[in-house]
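What follows draws every value from the coordinates through simple rules; no lab data is involved. Remember, predicted model here, so these are calculated numbers, not experimental data. For neighbour counting, all protein chains shown are included, and Cβ atoms are generated from backbone atoms with ideal geometry for every residue, glycine included.
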Amino acid sequence: MKLFDGGRAPNPRRVRVFLAEKGIAVPLVSVDMGALEHKQQAVSSRNPLQRLPVLELDDGSVLTESVAICRYFEELHPEPALFGRGALGKAQVEMWQRRMEFNLLSCVAQAFRHIHPAMKEWEIPQIPEWGEANKPKAVEFLRLLDDELGSREFIAGDSYSIADITGLIAVDFMKPARIKVPDECANVLRWHQAVSSRPSAVA
């Protein structure tokens, strides 16, 4: 088994944080995305979308997409449960995971990809207006999240989950995307400080 990893890019990092929370060690194959190594044969032969991370199993099976990879390891190592417990708990984690992905991480990614000069060769066509349009969407969702976090410790309930991992990666990604968490979002700032302090956050 080996995990083709893209360093500080959001989705590879999401899997590494998940594995760290589980205490699972998987051999990493470092891929220099800055040098566009993810477009070379080693990755493209395993993932025609040329995106990371890519997990290759011992039998040659390949999994791509960060949450799919995390679900695979959740099934193999159910503790600690990072996708929720019971029908309601699992549905709540899924609900918030999708909200974090579509309403925050995606907006931040669009802002970064369409505005940052380093992405000019990646995002073709790069449309700065679209990047700017996504910035207020991310901030608006953070205000909603701030209200939710006023009554609980973690995003999907009382336990840390994949939704918190996605949220952590999204908020950290806001810095290069040049989006700031509003100062009045005290609950989001408290939550972010807490999840950033977990040992897994440095994975």
Exercise. Can you give the calculated 222 nm mean residue ellipticity of the chain, where each DSSP H run of n ≥ 4 adds -39,500 (n - 2.57) and the sum is split over every residue, rounded to the nearest 500 deg cm²/dmol?
Worked result: -15500 deg cm²/dmol
Problem set entry | Selection of chymotrypsin sites (Phe, Trp or Tyr not before Pro), the range 69-171, meeting DSSP coil and at most 16 other Cβ within 10 Å | Trp122
Seminar exercise, completed: Of all lysine pairs in the chain that are eight or more residues apart or on different chains, those with Cα atoms under 24 Å apart total 12
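Using only Cα atoms, figure out Rg for the range 5-114 and give it as a multiple of 2.2 N^0.38 Å. Write out the running numbers ahead of the final one.
Working: Rg = 14.8 Å, N = 110, 2.2 N^0.38 = 13.1 Å.
Dividing the Cα Rg of the range 5-114 by 2.2 N^0.38 Å gives 1.13.
Pairs of Cα atoms under 8 Å, at least six residues apart: use those to get the relative contact order of the range 1-82, whole percent.
Working: 109 pairs, mean separation 28.6, N = 82.
Computed over the range 1-82, the figure is 35 percent.
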Exercise. What FRET efficiency would be calculated for the residue pair Val62, Arg8, taking the C-beta separation as r and a Förster radius of 25 Å, to the nearest 0.05?
Worked result: 0.60
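Scan the chain and report its longest stretch carrying no GluC sites (Glu not before Pro) that are both in a DSSP loop and have at most 12 other Cβ atoms within 10 Å.
Working: sites that count: Glu121, Glu184.
The answer is 1-120.
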Exercise. Dimensions of the range 73-141 along principal axes (Cα, Å, largest first)?
Worked result: 43, 27, 15
